[in-house]
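The values are calculated or read from the model by the stated rules, or taken from the named source; none is laboratory data. These numbers come from a predicted model, not from an experiment. Neighbour counts are summed over all protein chains in view; Cβ atoms, including those assigned to glycine, are modelled from backbone coordinates with ideal geometry.
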Amino acid sequence: MTYKSKYTALAWADARTAALFFDHVIPVNIIPDTGRVDEDDPIYYEVLKSLLPHGLLDSTAKIGLAAPVVGYVAYFALTFPETAGVTSLAGGESLEHRAASNIPNLREAFGNLVNGSGVRDFAVYGEPLSSPTPGSAADPCLVLSNLNLVDTSNLTWRQILELRKDQDSVERLRNLRRAVYNDYSGKPESYIREDIEFRISEYEAATKLWSLPLQKGVLEIAMTGEALTAVGAALALALFGAPVAAAAAAGGAIAVGKAALSFAQRKRDIELERKRNPMAYLVRLRTEAAK
């Protein structure tokens, strides 16, 4: 297994799953894989701008995509018009004949797309003849993509694009990929899947317990000598004629302030632990898929 700072996938199928684990994705089935399912989905070129390597983007173009991408989309629609909703062709031409006659042009357009990306080291995802078993996969992204750890049928492109833009999610993904590289090189698929599920269960159980120290911390502050002294000060103020509410506020401010500081510190500690845990990204994905 190799480790890199950036990974690019040539996705023959299921670009959604690839988009969850790879930095860049070039979808071969570019129209079916990026098309809108409903009106809430982003337009295909918004999806592609998030997925494609920088070499295939063009900020001067109207839709932000370089010429090889536009050309490939056009030839794909021409070769497989049914993917764009066309059910019959003029002149009695069959869909099968259209596909067969245009495949050479589509192959050329695909070659231009790959060459235009500027990427020379691809992982091939979604092709059974070339996809390795997870334990022997060339990189951590393929390991994660091939395990089917997340039901992407419940994730919309809008959710995926938001995850890809969120810097916290990006850092958690990198943390997960480092863990896969360090822990699972050469391991069989059954072991990887079982161990990841076990670690996810441990993480979820821990997050339930992490809320307890927050409550405990507030109680500890309430029972400290400083807090008790504050109560005594409030009582003294009340005895010497201060209104009870004002006295309580004066004395309670010390205890409440200390409790707030303790609470904030514990929250920071818990959030740091969440970020450090390699399973945090997968738990986030499953949470999004369950919405």
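Observations, loosely collected:
- Residue within the range 31-45 that is modelled with pLDDT of 95 or more and within 19 Å of residue 285 (Cβ to Cβ) present: no
- For the range 54-65, the criterion of being in a helix (DSSP H, G or I) and surrounded by 17 or more Cβ atoms within 10 Å (Cβ to Cβ) is met by at least one residue.
- Unmet requirement for residue 34, which otherwise passes all of (1) out of contact with any helix residue (DSSP H, G or I) (no Cβ under 6 Å at 6 or more places or on another chain); (2) buried (at least 19 other Cβ atoms within 10 Å of the Cβ): (1)
- Residue that is surrounded by the fewest Cβ atoms within 10 Å (Cβ to Cβ) [pool: residues in the range 37-52 that are more than 17 Å from the chain's Cα centre (by Cα) and closer than 17 Å to residue 72 by Cβ]: 43
- Where helices (runs of 4 or more DSSP H) sit wholly within the range 79-182, those with at least 2 residues that are under 24 Å from residue 38 (Cβ atoms) and at pLDDT 95 or above occupy 157-165.
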